[in-house]
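The values are calculated or read from the model by the stated rules, or taken from the named source; none is laboratory data. Everything quoted here is computed from the prediction, not taken from an experiment. Glycine also receives a Cβ, built like all others from the backbone with ideal geometry; neighbour counts cover every protein chain displayed. The protein model used for the area step is the full one, side chains on, heavy atoms only, and it has no ligands, DNA or RNA in it. Shrake-Rupley method; radii C 1.70, N 1.55, O 1.52, S 1.80 Å.
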2 protein chains.
Amino acid sequence: MSAIHHPHHLPTSISSSTSAFLGQNNFNTRTQSVPLPVRSNGSCKCVATPSAEKSANTTKVSRNANMAKLQAGYLFPEVARRKAAHMLKYPDAEVISLGIGDTTEPIPEVITSAMAKRSNALSTIEGYSGYGAEQGEKPLRAAIAKAFYGHLGIEEDDIFVSDGAKSDISRLQVLFGSDVTMAVQDPSYPAYVDSSVIMGQTKQFQKDIEKYANIEYMSCTPENGFFPDLSKVSRTDIIFFCSPNNPTGSAASREQLTRLVQFAKDNGSIIVYDSAYALYISDDNPRSIFEIPGAKEIAIETSSFSKYAGFTGVRLGWTVVPKQLLYSDGFPVAKDFNRIVCTCFNGASNIAQSGALACVSPDGLKAIHEVIGFYKENADIIMDTFNSLGFNVYGGKNAPYVWVHFPGRSSWDVFSEILEKTHVVTTPGSGFGPGGEGFVRVSAFCHRSNVLEACRRFKQLYK
Amino acid sequence: MSAIHHPHHLPTSISSSTSAFLGQNNFNTRTQSVPLPVRSNGSCKCVATPSAEKSANTTKVSRNANMAKLQAGYLFPEVARRKAAHMLKYPDAEVISLGIGDTTEPIPEVITSAMAKRSNALSTIEGYSGYGAEQGEKPLRAAIAKAFYGHLGIEEDDIFVSDGAKSDISRLQVLFGSDVTMAVQDPSYPAYVDSSVIMGQTKQFQKDIEKYANIEYMSCTPENGFFPDLSKVSRTDIIFFCSPNNPTGSAASREQLTRLVQFAKDNGSIIVYDSAYALYISDDNPRSIFEIPGAKEIAIETSSFSKYAGFTGVRLGWTVVPKQLLYSDGFPVAKDFNRIVCTCFNGASNIAQSGALACVSPDGLKAIHEVIGFYKENADIIMDTFNSLGFNVYGGKNAPYVWVHFPGRSSWDVFSEILEKTHVVTTPGSGFGPGGEGFVRVSAFCHRSNVLEACRRFKQLYK
């Protein structure tokens, strides 16, 4: 991969790659200047590294061997880097991003005004508050339990409020430690696998099959309706499961989740259920794993206001760790997670928590559903477009992601083709694991006019 | 330790303990109902755990052995639990907290109005923003670099904005992994040691000496001026060093830090320098490790607006990882930290970042210094009180903590005595490590009237 060094240290060439997780680890070169991509609102800022007179200034601390296992950059900064490079190449192009799942619509005023009010109150003696509970403010924990788990037996003290699901996934990995085994849907949100690698749960990346050793990849394809054939899945300690799924957009049915819960029970596994898109479900598929009887004894659920209320920048999520969930020795998982939260985290921003409390008020929930409805209309438009062009299209109905099949083609090639010819950023399916090869994820998080314009360009390219 | 179960599941007895880190691990009992303390603004909420019919509902996932090494609860929730128990015992008592270092004074209006403005803007098309850069918004990174490291050669891209120093300490431990060795000041902020235990860098807790095996405890006492005798310190990969120190309140001099930097260079170690209290320094001691020549090649610095601007609840800190800092193989530490930040974190709340930007504006800095000045006056009052009572008193001058010596006595006994007889919450020194035994930390974070009242009660108790 060649990288012409621009004054801003941006590699301006966009190369295609057929390997998952961005192919070669192009950050491993030690003796030459390597740019460090840093995402920054669409532009790309790079940290120049010293052209190392080695030994001279190095410490004697060994690099964490698990970090060295990671392949290239984390997916979304890499997509942002390529977008930025494209914008340098075509400074006049109207680039539209349907790539990273980043919300674009304003936060409903009922929510922002609650945050502004809390902000202002912090400058008053009566309204000031310092450290909150690490687990979240009590009224918010209660409100989340009621709003999303009202009749499911999940209680206030099962809810751990956080700065977002991604941070919680990482904290859960720290909780489990390096000795557990894990399974992921293939394809899946890269944070599950990458955080597992960082914690040392995996062995090396196997370039031939584009998988890390010691991770169970549960294949999710059009053929199996994007639900893994559990008879072919080996037992692991932890099963990460995301529904509605990012990136495939597929929501598991009640019957499928019942089978998954039974599978976990039979194996004594813990499911980490990512329900960050649950409110995008249109049909009667479960919105929480805890709708399945017995799930409280085998599952953790993590979720977020990011994709409901446009909180991707505000940062507020939560994780449910039921008190019924026990390790093999009978020790409650929630107790250790509580310790992690108290030791490694100091609670979510109090202002964001006030926003979240407004989100789950009657007016807030109504406003949220309107925002979600808007993005779902976007998804419909994108689905209709690719359907009309003869593609096999998945997802979209219960999720803000449309999963478009380009059989026999490399995802990164398609990504580059679409970017080069339409100036639309998507996300290459192979970035979510080898099972995503041949697919491209198109995000419905966009202003309406841009969705319409992107679809017009898609029709021109693939007519 | 007996625990009478109150309707709210609060242990109402306060027992003394001479062991560090809260003595016996009273959470390890598996077969009986054990309350899980959860701090919540001064009151205590407990998660009841099932009176485990073991085997029946347990998973087959083994508990993380590193979590099992941890001794009892994290210090501050434990102090909060005892405070809550005390309030149940004496419901009419006017309890004053000089315990946990939690800010009490309102945030200056110049800062809260910036956060309110950003909150409101998020409901507009022009003002909305989604995911920000994981490393922080560019103007904020630049402003922090300028405000605190103006002439020290630290640049915008060396700054990683975060949700607070505690979270960053944990992320740094994940960065380093389980194979490094570490040193801490003894006593020190418990998050260093506890996060090290969680990551598996240590061996078991040794009850006889009240230390974890495989951690180097650098003794900081009145005799050595609270700066370790480096000739007695074994080489470790990582050296956590906090100045002005929490809990001793002592700030290291330029000459001492020069020796520390040389020590790290000689050993090829990395210093993680916690400067969260730097602006409390009155004299010309360094406010950043990067004031010491050569420190950029051996040090990381972490800091926060928590104790400057009352941001303990707002959550905004930063970590400086200079691009000059290299692992033994020449790989830049900043690159791996960038990967950790991108994979395990999604950036600090955008609203909090707007507040931080206001903090480092000329008006904001002026306002911050006023708040700090207020707390420093509190520290003076507390110091004068204990001095007048004939105690040996340390810290206070360059820090918001006063470190009071009770020679020959157990810290927890003194903590309990003060709480029982004056209804004032302090923090037992032994909670910060065995080197804190015989001391009590008195925090200056309090309303003035409460400081004066607490000091009146101290004078009555110890006259």
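The residue that is least open to solvent (accessible area, probe 1.4 Å), counting only those in region A:90-109 that are within 13 Å of another protein chain (Cβ to nearest Cβ) and not in a loop (DSSP other than H, G, I, E, B), is A:97. Looking only at residues of region A:284-317 that are farther than 20 Å from residue A:247 by Cβ, touching a residue at least 60 places away in the same chain (Cβ under 8 Å) and away from chain B (no Cβ under 14 Å), we find that the one that is most open to solvent (accessible area, probe 1.4 Å) is A:291. Taking region A:405-425 as the range and being within 21 Å of residue A:451 (Cβ to Cβ) and not hydroxyl-bearing (Ser, Thr, Tyr) as the test, the residues that pass are A:405, A:406, A:414, A:415, A:417, A:418, A:419, A:420, A:421, A:423, A:424, A:425.
It is to be established whether one or more residues within region A:318-327 are of a type in the set (D, E, K, R), within 23 Å of residue A:347 (Cβ to Cβ), surrounded by 20 or more Cβ atoms within 10 Å (Cβ to Cβ) and out of contact with any Lys or Arg (no Cβ under 7 Å at 6 or more places or on another chain). Taking every residue of region A:318-327 in turn, none turns out to be of a type in the set (D, E, K, R), within 23 Å of residue A:347 (Cβ to Cβ), surrounded by 20 or more Cβ atoms within 10 Å (Cβ to Cβ) and out of contact with any Lys or Arg (no Cβ under 7 Å at 6 or more places or on another chain). When the test is whether a residue is assigned by TED's automatic domain parsing to the domain that holds residue A:349 and out of contact with any Leu (no Cβ under 7 Å at 6 or more places or on another chain), residue A:255 passes it.
This table checks each residue for (1) assigned to a strand (DSSP E or B); (2) in the same structural domain as residue A:82 (by TED's automatic domain parsing); (3) surrounded by 24 or more Cβ atoms within 10 Å (Cβ to Cβ); (4) free of Cβ contacts under 8 Å to residues at least 40 places away in the same chain.
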| residue | (1), (2), (3), (4) |
| --- | --- |
| A:391 | no, no, no, no |
| A:397 | no, no, no, no |
| A:404 | yes, no, yes, yes |
| A:407 | no, no, no, yes |
| A:412 | no, no, yes, no |
| A:440 | yes, no, yes, yes |
| A:449 | no, no, no, yes |
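Whether a residue is of a type in the set (Lys, Arg) and assigned to a loop (DSSP other than H, G, I, E, B) was assessed, and residue A:287 passes this test.
Regarding residue A:380, is this residue within 21 Å of residue A:284 (Cα to Cα) and either part of a helix (DSSP H, G or I) or touching a residue at least 60 places away in the same chain (Cβ under 8 Å) (or both)? For residue A:380, the condition - within 21 Å of residue A:284 (Cα to Cα) and either part of a helix (DSSP H, G or I) or touching a residue at least 60 places away in the same chain (Cβ under 8 Å) (or both) - is met. With respect to the conditions (1) farther than 21 Å from residue B:330 by Cα; (2) outside any loop (DSSP other than H, G, I, E, B), residue B:261 lacks only one, and its number is (1).
For region B:178-191, filtered to residues that are under 26 Å from residue B:244 (Cα atoms) and within 10 Å of chain A (Cβ to nearest Cβ), the residue that is surrounded by the most Cβ atoms within 10 Å (Cβ to Cβ) is B:191. Could you check region A:266-283 and list, in sequence order, the residues that are open to solvent by 10 Å² or more (accessible area, probe 1.4 Å), in contact (Cβ under 8 Å) with a residue 12 or more places away in the chain and part of a helix (DSSP H, G or I)? Of everything in region A:266-283, those that are open to solvent by 10 Å² or more (accessible area, probe 1.4 Å), in contact (Cβ under 8 Å) with a residue 12 or more places away in the chain and part of a helix (DSSP H, G or I) turn out to be A:267, A:279. What number of residues within region B:423-438 satisfy the criterion of being open to solvent by 10 Å² or more (accessible area, probe 1.4 Å) and over 21 Å from residue B:397 (Cβ atoms)? Qualifying residue count, region B:423-438: 3. Per the listing B:358, B:352, the residue uniquely within 14 Å of another protein chain (Cβ to nearest Cβ), surrounded by 24 or more Cβ atoms within 10 Å (Cβ to Cβ), within 21 Å of the chain's Cα centre (by Cα) and part of a helix (DSSP H, G or I) is B:352. For region B:322-344, the condition holds for no residue, the condition being that it is within 24 Å of the chain's Cα centre (by Cα), of a type in the set (Phe, Trp, Tyr) and at the interface with another protein chain (Cβ under 9 Å from one of its Cβ atoms). Can you name every residue in region A:444-457 that is more than 15 Å from residue A:427 (Cα to Cα) and touching a strand residue (DSSP E or B) at 6+ places or on another chain (Cβ under 7 Å)? Within region A:444-457, A:450, A:453, A:457 qualify.
Taking region B:181-202 on its own, how many of its residues are within 23 Å of residue A:178 (Cα to Cα) and either without any contact (Cβ under 8 Å) to a residue 60 or more places away in the chain or outside any loop (DSSP other than H, G, I, E, B) (or both)?
The number of residues fulfilling the criteria is 13.
For region A:122-175, filtered to residues that are assigned to a loop (DSSP other than H, G, I, E, B) and more than 11 Å from chain B (Cβ to nearest Cβ), the residue that is most open to solvent (accessible area, probe 1.4 Å) is A:151. Restricting region A:228-244 to residues that are surrounded by 15 or more Cβ atoms within 10 Å (Cβ to Cβ) and not in a loop (DSSP other than H, G, I, E, B) leaves a set whose member that is nearest to the other protein chains (Cβ to nearest Cβ) is A:238. Would you confirm, using the coordinates I've provided, whether residue B:257 is in contact with a helix residue (DSSP H, G or I) (Cβ under 8 Å, 6 or more places away or on another chain), more than 10 Å from chain A (Cβ to nearest Cβ), open to solvent by 10 Å² or more (accessible area, probe 1.4 Å) and farther than 24 Å from residue A:64 by Cα? Against the criterion (in contact with a helix residue (DSSP H, G or I) (Cβ under 8 Å, 6 or more places away or on another chain), more than 10 Å from chain A (Cβ to nearest Cβ), open to solvent by 10 Å² or more (accessible area, probe 1.4 Å) and farther than 24 Å from residue A:64 by Cα), residue B:257 does not qualify.
Scanning region A:198-220 turns up at least one residue that is within 10 Å of another protein chain (Cβ to nearest Cβ), more than 17 Å from residue B:61 (Cα to Cα) and buried (at least 24 other Cβ atoms within 10 Å of the Cβ).
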